[in-house]
Amino acid sequence: MISTEAAKELNFHLNAELYSSYLYLSMSAYASHKGWKGAANWLYVQAQEEIIHVQKVYAYIEDQDARVILEAIEKPESDFGGMLELFEAVLEHERHVTARIRELMTHALAENDHATETFLQWFVTEQTEEEKTCKEVIDRLKLAGDTGLAIFMVDNELGARVLPAVTV
Ligand code: FEO
């Protein structure tokens, strides 16, 4: 069992993960519209991964005999500029999520809530990986430069991303 406050924090985070998926879906649609099929694929997979994060939080709240309360999901942006700007927006969002996880962890530690602390460890590791992956895309885009051919080549690489097999 977790505290009422912990359940409230986790429900808030559930909404943040849903928003992440919604945002990446919007980014994927934008990339597709621009003809960046590889980036569209990368972002679609990212949106799917966020749903896995949602499922993890959802299951944990229920496992702790607390109640899942769904709130409205904020409308995401629909225009994201060039491909570099698009991925910079992804990194900025992931850093925001990392800060949220840190807040959740701080809360769990303050409550001596070891179960939630252990649960959150997965997210701590995941955020490091997500920021790293996104930064690598940004580095590739910066290295390639702002020509049509360079964008085409990086876009091709982004098309190879697939959703890894994970258990919730
Ligand atoms: Fe669920 Fe990308 O953080």
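The values are calculated or read from the model by the stated rules, or taken from the named source; none is laboratory data. Keep in mind that what you see is a predicted model, and the values were worked out from it rather than measured. Positions of Cβ are backbone-derived with ideal geometry, glycine not excepted, and every protein chain shown enters the neighbour counts. Just so you know, the surface numbers come from the protein's heavy atoms only, side chains and all, with ligands and any DNA or RNA stripped out. Shrake-Rupley method; radii C 1.70, N 1.55, O 1.52, S 1.80 Å.
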The number of residues in region 10-36 that are under 19 Å from THR118 (Cα atoms), open to solvent by 10 Å² or more (accessible area, probe 1.4 Å) and hydrophobic (A, V, I, L, M, F, W, C) is 1
Checking TRP122 against (1) outside any helix (DSSP H, G or I); (2) within 13 Å of the ligand (Cβ to nearest atom); (3) hydrophobic (A, V, I, L, M, F, W, C), which single condition isn't satisfied?
-> (1)
Which of the residues that make up region 5-54 are part of a helix (DSSP H, G or I), touching a residue at least 60 places away in the same chain (Cβ under 8 Å) and more than 13 Å from the chain's Cα centre (by Cα)?
-> GLU5, ALA6, ALA7, GLU9, LEU10, ASN11, LYS37, GLY38, ALA39, ASN41
Residue list for region 37-55, restricted to those being away from the ligand (no atom under 13 Å from the Cβ), open to solvent by less than 40 Å² (accessible area, probe 1.4 Å) and out of contact with any Leu (no Cβ under 8 Å at 6 or more places or on another chain) | ALA40
From the options LEU86, LEU91, LEU104, residue that is under 14 Å from ALA6 (Cβ atoms), open to solvent by less than 20 Å² (accessible area, probe 1.4 Å) and not basic (Lys, Arg) | LEU104
For region 141-163, the count of residues that are open to solvent by less than 90 Å² (accessible area, probe 1.4 Å) and without any contact (Cβ under 8 Å) to a residue 12 or more places away in the chain equals 5
Considering region 56-72 alone, what residues qualify as being surrounded by 14 or more Cβ atoms within 10 Å (Cβ to Cβ) and assigned to a helix (DSSP H, G or I)?
-> LYS56, VAL57, TYR58, TYR60, ILE61
Search region 116-140 for residues that are closer than 21 Å to HIS13 by Cβ and pair each with any residue that is within 14 Å of the ligand (Cβ to nearest atom) and open to solvent by 90 Å² or more (accessible area, probe 1.4 Å) when their beta-carbon atoms are under 7 Å apart and the residues are at least 6 apart or on different chains.
-> GLU131/ARG95
Read through the list (1) open to solvent by 40 Å² or more (accessible area, probe 1.4 Å); (2) more than 30 Å from ILE151 (Cα to Cα), then give the number of the only condition that ALA7 fails.
-> (1)
Taking only region 79-115 into account, find how many residues are assigned to a helix (DSSP H, G or I) and either within 10 Å of the ligand (Cβ to nearest atom) or within 21 Å of LEU43 (Cβ to Cβ) (or both).
-> 18
